[in-house]
There are 4 protein chains.
Amino acid sequence: MQFLSDNAASVHPAVWDAMRQADQPDAPYDNDSLSLALDERMNALFARECAVLWVATGTAANCLALATMAQPHGAVVCHEEAHIEMDEGGAPGFYLHGAKLLLGQGEGAKLTADAIRAVIDPIRDDVHQVQPHAISITQASEYGRVYRPEEIAAIRALADERGLGLHMDGARFGNAAAFLDLPASEVAGSVDALSFGFVKNGAMSAEAIVFFEEGLADVARYRRKRAGHLQSKGRFLAAQIHAMLEGDLWLANARSANAAAAEIAGSCGERLMHPVEANELFVRCTPAEREALRGQGFGFYDWGADAARFVTAWNTREADARALATAIAAL
Amino acid sequence: MQFLSDNAASVHPAVWDAMRQADQPDAPYDNDSLSLALDERMNALFARECAVLWVATGTAANCLALATMAQPHGAVVCHEEAHIEMDEGGAPGFYLHGAKLLLGQGEGAKLTADAIRAVIDPIRDDVHQVQPHAISITQASEYGRVYRPEEIAAIRALADERGLGLHMDGARFGNAAAFLDLPASEVAGSVDALSFGFVKNGAMSAEAIVFFEEGLADVARYRRKRAGHLQSKGRFLAAQIHAMLEGDLWLANARSANAAAAEIAGSCGERLMHPVEANELFVRCTPAEREALRGQGFGFYDWGADAARFVTAWNTREADARALATAIAAL
Amino acid sequence: MQFLSDNAASVHPAVWDAMRQADQPDAPYDNDSLSLALDERMNALFARECAVLWVATGTAANCLALATMAQPHGAVVCHEEAHIEMDEGGAPGFYLHGAKLLLGQGEGAKLTADAIRAVIDPIRDDVHQVQPHAISITQASEYGRVYRPEEIAAIRALADERGLGLHMDGARFGNAAAFLDLPASEVAGSVDALSFGFVKNGAMSAEAIVFFEEGLADVARYRRKRAGHLQSKGRFLAAQIHAMLEGDLWLANARSANAAAAEIAGSCGERLMHPVEANELFVRCTPAEREALRGQGFGFYDWGADAARFVTAWNTREADARALATAIAAL
Amino acid sequence: MQFLSDNAASVHPAVWDAMRQADQPDAPYDNDSLSLALDERMNALFARECAVLWVATGTAANCLALATMAQPHGAVVCHEEAHIEMDEGGAPGFYLHGAKLLLGQGEGAKLTADAIRAVIDPIRDDVHQVQPHAISITQASEYGRVYRPEEIAAIRALADERGLGLHMDGARFGNAAAFLDLPASEVAGSVDALSFGFVKNGAMSAEAIVFFEEGLADVARYRRKRAGHLQSKGRFLAAQIHAMLEGDLWLANARSANAAAAEIAGSCGERLMHPVEANELFVRCTPAEREALRGQGFGFYDWGADAARFVTAWNTREADARALATAIAAL
C-alpha cells in the first residue's frame, strides 16, 4: 500500500487509449492535429485566450514559463520551500541564465502579498541588488494548501503594482481545483502562465504550460526547442493532455485522490501538521510509530525526525486509504 | 506514402508492449528496476563498461553529452551541417553555457581528422581565441553517410593527441550499424559518449546517452535533472530502450529502413547526390518532377531548388518503396 | 619603432591630467559628477539623445551592447572576421547566454545589406533554427575599412525591415571619423548602440557604450554591474572620456594615426592587400622581407605566411612612419 | 568629513607614480613585464606558489575565482550578508552560469565550520538538490570582523572533508592583516584563491586574484578574457599592485584606516553593534542623532532605522577621526 508519492503512479486507462489512437501518421513536433487543438481546448476550460505548450516534466514547465518573465539579471520571488527552490536541481538557475530566486516565508508553503512585500521592499532600487521580475506561487502548495481566489487576486494586484510577472506552479492544480470546487479560471486566477500538471494525476509524461499572454508563449516556443523539450512525436504528449481534459478526467482523478486523503486525515486529529486540502498529509509520528506502520505494509516518506508524509494518488484504493486511517488511529 | 522523415513514424508494437508492462508500481525517476538495468544491458552490447541515461530527445542527448566534455569557455568541433549546428535551435549554446561550435567541412556531412585539423590548427593557443575542448561526429551523418571504424579511429587519435573529448550523435546509429554489419562497439568506436537514438527507429520518446567514461555520466546526471529531463515516470523511457534492444529490434528495424532506401536508390542512378548507406536519399529532381511525384501521393521534403529528400523508416512498406522507385525511374 | 598595435600605446598627457584632476572626493560608481555629465556631452557630439556607460574594455562594451538586443535564443549577424567572433575569447557567448554569432562575408571585413541577407534569408522561420535578433558592424573594420553613411543606412533599413537591432563596434571609431571627415552622427549612422573606443586612441582604460535608445541603456546598467564592470572609482574612467572629447582630442589623435598610416601606405603600392582608410596596413611581403624589416628595428605582426600588419597609433612619430615607408619602398 | 565608504577614496601618490612610470611601450594584455612579475612578488608575500591575475573590480575577482571551483550545477556556501549575495548585482549567477549561493548564518557576517555544516548537511545527496562545490568567506567580513587562523583552518578542514573549494573575498584583506598583525600567509590561511583587494586601500582600479592552485588560474585566464576583463593596457593595473606591495604600502594604508576606526570606536561604547577590528563602525544612533552628526559635516550611510555605518580609509585624517569621535561622545 504505497503512499510515497503521486509522481510515479499508474497511467490512467483513458490516457493509454488516447496514446494508442495517436499512433498514426501525423506531422512531427507540435504540428500534429492533436497539438494544434490544445489552445482551443484550454480556451474553453479557462474561458480566456490561451497558448499551450506541452513538455515532459513540471521542472521544464516551471522554468520555461519563468524564463519568459524574468531576465537573466532579475529575480523570481517564491516560497522558501517551493519546488523550484528545493527540488529542481537548480533548473531555474539554468533556464533563467543565472537569475535569482528570492525566498519568501508563509504558512503552509503559501505566499501572501505581505510576505512578498517583506522580500522585495528592502531591495534597493539600484544596480547593486538583484531586482524582482516575477512571482511564482504553487497551487496546491508543497504542503497541500490551496490558494483562495482572493489570495491570488491580492498577489496579482501587487504584481501589477510592481510590474512583475506572475506564474503558478500547478503540479497539483487538479487537487486544488477539486478542493475549491470552482471553475479552473478561478483556481488559476489571473496569472500570466500556469504549469498545469498531469503526470501526478494520471498521465504518463505530459504537462501543459498554459500562457495567458501570447507574447510569452512566442518566446517559450523557442526556449522549449533550445532546451531539447520539443519531442518529435509530440502527438503522444498532446494526446495525454486531451485525454486528461476529456470529460474532466483531471478533476475526477484529483477528487479521487483528495477523497482518499480526507479519509486518512479523518483519523489523524492533532497529528496533522497542516490542514489537508489536497492529496498530501503531513503527520506527526515517532520513529517507532513509523516502523509500526511500515510493518503493516504502508510505504511513505519520513518527514524530518518526527513526522511522515503520505501522498494519495488518483488510483489510491479506498480500502487502502481506510486501512491507513485505521492504522494511524490505532497508533 | 510518406517519406518525409523517420522522426514521426509509428511506435513499434514491441515498444508499446514493454511500456504497458512497465505500468506497475516502481520507484520514481531513474530508480526503477528498468532504468537500473540499463547499464548492464548496454555493457553487453558494447562489450565495455557503460553508464546509461535516458532522455526524451536527441537534442537533449547530444547537448547533455557535450556539456560533460566542453567547458563554457571552450568549443566543440562539428560538421557545418551537423544537427547540433543546424537544427537544434541553439541548444548547444544553452547547455554548454555559451561554448562555441567550430564548423568543419567534409563530404557527405562527415568530418575527417584532416578536416578537424583544418579547423583547430589555425587557432592560436591564447586566451583571445576559443579553444577546442571536444569533437562531435554523426553516425550516420546528416546525408546518410556512415563512418568506417578506421575513420573514427583516426579522429579518436587526433582527439587524444589534442586532449579533446569525442562524442557521437547516433540519432541514426542503428542505420549505420545495419549498413556496416559490425558489432555496436565497432560502429561507435572509442568515443567517450554516444547519443544512441531510438525515436527515429521505432520508439516513442526515449534516447539513450551511453557514457563510456563513468566520470562524465556523474556530471550528466545532475545536468539532466537541471534541464528538466529527469521524468518521474522514467520507467516508461527505460522500457522503450529495453524493448528496442531486446532481440536486437533496433537492428532489425534499421535494416528494414535501410532496405527500403536501397530499393529506392536502385532506381535513382545519377540523380543521387550522396551514396545511400542508411535510410536517407537526396535525389536531384526538378520542381516539375517533384510535383509529379507528389501528384502520385508521395510525401517528401524539397532539398533546395533542385532536389528532394526521401527518408524511409522502420515501418516503410516494401510496396511503397517499390512504388517510389518505379515512379522515380519513370521521371 | 613599434607598429605592433595601437592597443598598448601610451596614454595621452591630457588624459593623465584629467585623471589627476578627478582624484578628489566624489560619489562612487557612476554617481560622480564626471560620469553624470557624459550623457549630455555625447548628446552634443551626436546631436541625438544618448545614454552613456563607461567600461574598461572594448569586449565588455561590445558584449554589453549586444546583450540588450539579442535574447539568449537568438543570434547576432557579424562579419566572419569581426573582433567579436575572432578575438574576444567567446565573450559574446558568455554575455549573450549562448546566443549565436551568424557569420557573413564581405570585402575588407565589411558587411553589406546583401551579405547580411545571404546569411539570414536561408534561415527558416521556425524554432529549429536560431533566428537573428541583431547585426553588428565594425567602424573602421578589422582591415581598416570604413563604412560610408549610405552603406550604414542600407544596413539600417534592412535591420528595420527585419526587426533587428544594430550595433557598431567602434574600437577605431575615431579613425573612421578622421577618414570620412564627417560629423560623428554620420559616422555612426542610426545604429542603436555604439562601442565608442578610446583605449586604442590615447586613453588608458575607458571605452564608452553610447546607447541611442534609453531602454537599452536601462538593461545595460544592470548587466554592467552583473559583469563586474561597474568600477567604484568610476570617475577615473569618465575623466578619460571627457579628456578625449575635450577639444575633439579623439579626432586629432585619430588624424595623427591615420596620417602616419597614409605616409607608409604611399610607399606600399601593389603590396597593399586593402586600401588604407584608417590606421592599419596589411602589406604583402615575404618572410625574408619581414626579416629584413625587423632587422632594421621595426616591430609588427606577421599576417599569415605572406604578409605583415602594421598599425599606427596617435603617438606614432612622423619620422618613424617615414622610416618605415622608406624601408618598405626599398624592399 | 567623509565616512561614507573607502571604495571611492583618493588614489595613493605612490600608486600614481607607479602608473606614470608604466607609461612606456610594453606588450599588451598581461604580457608586459609588470604583469609577468606579479606571480613572483606574491610568492614572496605568501611564501607559497602563486598565480596572480589582475582585474578591475572585486566583483570580477570574486566571481572569476569562484567560477573555477563551482560547476554550473553546483553551489557556493557563503554568509547570508556576504557581498557576493547582497551587493554584486547577481554577478555570481552570471559568472557561475546559474550556480546557486547557499546562505549561512553567523555573528558579524562570519561563517564557522558549524554554520556551514548547518547549511550543507541537510542537502540530500541526489540530483534533485543543488550540491555544494565551494565555500566563500570574507576577510574582513561585511561587519569588519576578522577570521583568526584557527577559524580558517577549521573551515579548510571541512572543505577538504567534503571536497569543496575555498575562496576568500579579501576586499579588505589589508585591514584584516593589519588587525591580526600576522604574515599574509596566515591571514589568508590555506584557501584555494584569494580576492586580494587594493581599490579600497589606495589603488585606483586593480584587484588581484591570487590562486594557490595553478590549475584554477589556467581556467580563470580564459574566463577573464571571456568576461571582457583582460585590459589591453594591463600594465597600468599591474603597476598599481606592485606599488601597493612595495614596502608593504598595503599594510601601512590599512593600519592607518584601522587606527582611525579605533579612534572613533573608543568613544562609541555601548553604541557599537560589532567589535571594531578593521575600518568599519556600525553605531547605534537615532535619526535625530544622525541628523545632528550630519549637521556637523559628517558624511555616512544610515544602517537601517537605528544605526549608522562609518567607514574610514587609508587617507582619513586623524583630525577628522578625532572630530567624529568627539561628536559621537557628545551625542
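Taking residues in the stretch D:17-38 that are over 17 Å from B:His128 (Cα atoms) and within 12 Å of another protein chain (Cβ to nearest Cβ), and partners anywhere that are open to solvent by 90 Å² or more (accessible area, probe 1.4 Å) and of a type outside the set (A, V, I, L, M), the pairs with Cβ atoms closer than 7 Å and at least 6 places apart or on different chains are D:Pro25/C:Gln2.
Here A:Asp23 meets the list (1) assigned to a loop (DSSP other than H, G, I, E, B); (2) in contact with a strand residue (DSSP E or B) (Cβ under 6 Å, 6 or more places away or on another chain); (3) acidic (Asp, Glu) almost entirely, failing just condition (2). Taking the conditions (1) hydrophobic (A, V, I, L, M, F, W, C); (2) within 14 Å of another protein chain (Cβ to nearest Cβ); (3) open to solvent by 20 Å² or more (accessible area, probe 1.4 Å) in turn, A:Ala259 satisfies each one other than (2).
A quick yes/no check of all residues on (1) in contact with a Gly (Cβ under 9 Å, 6 or more places away or on another chain); (2) assigned by TED's automatic domain parsing to the domain that holds B:Val55; (3) of a type outside the set (S, T, N, Q):
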{"residue": "B:Gly234", "(1), (2), (3)": "no, yes, yes"}
{"residue": "B:Ala243", "(1), (2), (3)": "yes, yes, yes"}
{"residue": "B:Ala257", "(1), (2), (3)": "yes, no, yes"}
{"residue": "B:Ala262", "(1), (2), (3)": "no, no, yes"}
{"residue": "B:Cys268", "(1), (2), (3)": "no, no, yes"}
{"residue": "B:Arg294", "(1), (2), (3)": "no, no, yes"}
{"residue": "B:Val311", "(1), (2), (3)": "yes, no, yes"}
{"residue": "B:Glu318", "(1), (2), (3)": "no, no, yes"}
{"residue": "B:Leu324", "(1), (2), (3)": "no, no, yes"}
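Taking the criterion of being of a type in the set (Asp, Glu) and open to solvent by 40 Å² or more (accessible area, probe 1.4 Å), no residue of the stretch A:274-287 qualifies. When the test is whether a residue is touching a strand residue (DSSP E or B) at 6+ places or on another chain (Cβ under 6 Å) and surrounded by fewer than 18 Cβ atoms within 10 Å (Cβ to Cβ), A:Glu107 does not pass it. Only residues that are in a strand (DSSP E or B) and open to solvent by 40 Å² or more (accessible area, probe 1.4 Å): list them for the stretch A:288-318, please. Residues satisfying the conditions are A:Tyr301, A:Asp302.
A count restricted to the stretch B:85-104 and to residues that are more than 14 Å from B:Ser136 (Cα to Cα), in contact with a Gly (Cβ under 6 Å, 6 or more places away or on another chain) and either assigned to a loop (DSSP other than H, G, I, E, B) or not assigned by TED's automatic domain parsing to the domain that holds B:Ala65 (or both) stands at 1.
As a summary of the residue check, A:Arg271 satisfies the conditions (1) touching a Cys at 6+ places or on another chain (Cβ under 7 Å); (2) buried (at least 24 other Cβ atoms within 10 Å of the Cβ) except for the one numbered (2). Just to be sure before I move on: is C:Asp39 at pLDDT below 95, of a type in the set (Asp, Glu) and at negative phi in the structure I sent? Answer is no for this residue. Screening A:Leu182 with (1) open to solvent by less than 20 Å² (accessible area, probe 1.4 Å); (2) touching a helix residue (DSSP H, G or I) at 6+ places or on another chain (Cβ under 9 Å) gives one miss only, at (1).
Kindly indicate whether any position in the stretch C:236-250 is over 29 Å from C:Thr59 (Cβ atoms), more than 17 Å from the chain's Cα centre (by Cα) and touching a residue at least 24 places away in the same chain (Cβ under 8 Å). For the stretch C:236-250, residues over 29 Å from C:Thr59 (Cβ atoms), more than 17 Å from the chain's Cα centre (by Cα) and touching a residue at least 24 places away in the same chain (Cβ under 8 Å): absent. Restricted to the stretch C:6-31, and to residues there that are of a type in the set (Asp, Glu) and more than 20 Å from C:Lys200 (Cα to Cα), the residue that is surrounded by the most Cβ atoms within 10 Å (Cβ to Cβ) is C:Asp30.
Applying the criterion of being over 25 Å from D:Gly93 (Cα atoms), out of contact with any helix residue (DSSP H, G or I) (no Cβ under 6 Å at 6 or more places or on another chain) and at pLDDT 95 or above to the residues of the stretch C:205-219, the residue that is most open to solvent (accessible area, probe 1.4 Å) is C:Phe212.
Filter the stretch B:14-35 for residues that are modelled with pLDDT of 95 or more and acidic (Asp, Glu) and give the result. Residues satisfying the conditions are B:Asp17, B:Asp23, B:Asp30, B:Asp32. Would you say B:Val187 is at pLDDT 95 or above and under 16 Å from the mean Cα position of the chain (by Cα)? In short, yes. Note on the stretch A:319-331: residues that are β-branched (Val, Ile, Thr) and surrounded by fewer than 20 Cβ atoms within 10 Å (Cβ to Cβ) total 1.
For the stretch A:71-80, the criterion of being in contact with a Leu (Cβ under 8 Å, 6 or more places away or on another chain), assigned to a loop (DSSP other than H, G, I, E, B) and aliphatic (A, V, I, L, M) is met by none of the residues.
Out of A:Leu66, A:Leu96, one residue alone is within 13 Å of chain D (Cβ to nearest Cβ), crowded, with 24+ Cβ neighbours inside 10 Å and free of Cβ contacts under 8 Å to residues at least 40 places away in the same chain. It is A:Leu96.
Quick check: is even one residue across the stretch B:70-93 closer than 22 Å to D:Leu230 by Cβ, more than 9 Å from chain C (Cβ to nearest Cβ) and open to solvent by 40 Å² or more (accessible area, probe 1.4 Å)? Yes, there is a match, as at least one residue in the stretch B:70-93 is closer than 22 Å to D:Leu230 by Cβ, more than 9 Å from chain C (Cβ to nearest Cβ) and open to solvent by 40 Å² or more (accessible area, probe 1.4 Å).
Here is the figure for the stretch D:127-176: residues that are outside any loop (DSSP other than H, G, I, E, B), open to solvent by 10 Å² or more (accessible area, probe 1.4 Å) and β-branched (Val, Ile, Thr) total 1.
Cβ-Cβ contacts under 8 Å between residues 6 or more apart (or on different chains), taken from a first residue in the stretch A:129-149 that is farther than 16 Å from A:Gly189 by Cα to a second residue that is among the hydroxyl-bearing types (Ser, Thr, Tyr), are listed as A:Gln131/C:Tyr222. Checking each residue of the stretch A:220-233 against the condition of being more than 14 Å from chain B (Cβ to nearest Cβ) and open to solvent by 20 Å² or more (accessible area, probe 1.4 Å) gives no match. If you go through the stretch A:177-201 and keep only what is part of a helix (DSSP H, G or I), among the hydrophobic types (A, V, I, L, M, F, W, C) and within 14 Å of chain B (Cβ to nearest Cβ), you end up with just A:Val199. Would the stretch D:137-144 turn up any residue that is touching a strand residue (DSSP E or B) at 6+ places or on another chain (Cβ under 8 Å), within 30 Å of A:Asp87 (Cα to Cα) and modelled with pLDDT of 95 or more? Yes, the stretch D:137-144 contains at least one residue that is touching a strand residue (DSSP E or B) at 6+ places or on another chain (Cβ under 8 Å), within 30 Å of A:Asp87 (Cα to Cα) and modelled with pLDDT of 95 or more.
Only one entry of D:Leu53, D:Leu45, D:Leu34 meets the criterion of being outside any loop (DSSP other than H, G, I, E, B) and open to solvent by less than 10 Å² (accessible area, probe 1.4 Å), and that entry is D:Leu53. Here D:Phe198, D:Phe212 are screened, and the one residue that is under 23 Å from D:Ile152 (Cα atoms) and over 15 Å from the mean Cα position of the chain (by Cα) is D:Phe212. Among the numbered conditions (1) farther than 30 Å from A:Phe179 by Cα; (2) within 14 Å of chain D (Cβ to nearest Cβ); (3) modelled with pLDDT of 95 or more, the only one that A:Arg162 does not meet is (2).
The values are calculated or read from the model by the stated rules, or taken from the named source; none is laboratory data. From a predicted model like this one, the values you see are computed outputs, not experimental measurements. All Cβ positions, glycine included, derive from the backbone under ideal geometry; neighbour counts span all protein chains shown. Ligands, DNA and RNA are stripped out before the accessible areas are found, and what is left, the full protein with its side chains, is counted by its heavy atoms. Shrake-Rupley method; radii C 1.70, N 1.55, O 1.52, S 1.80 Å.
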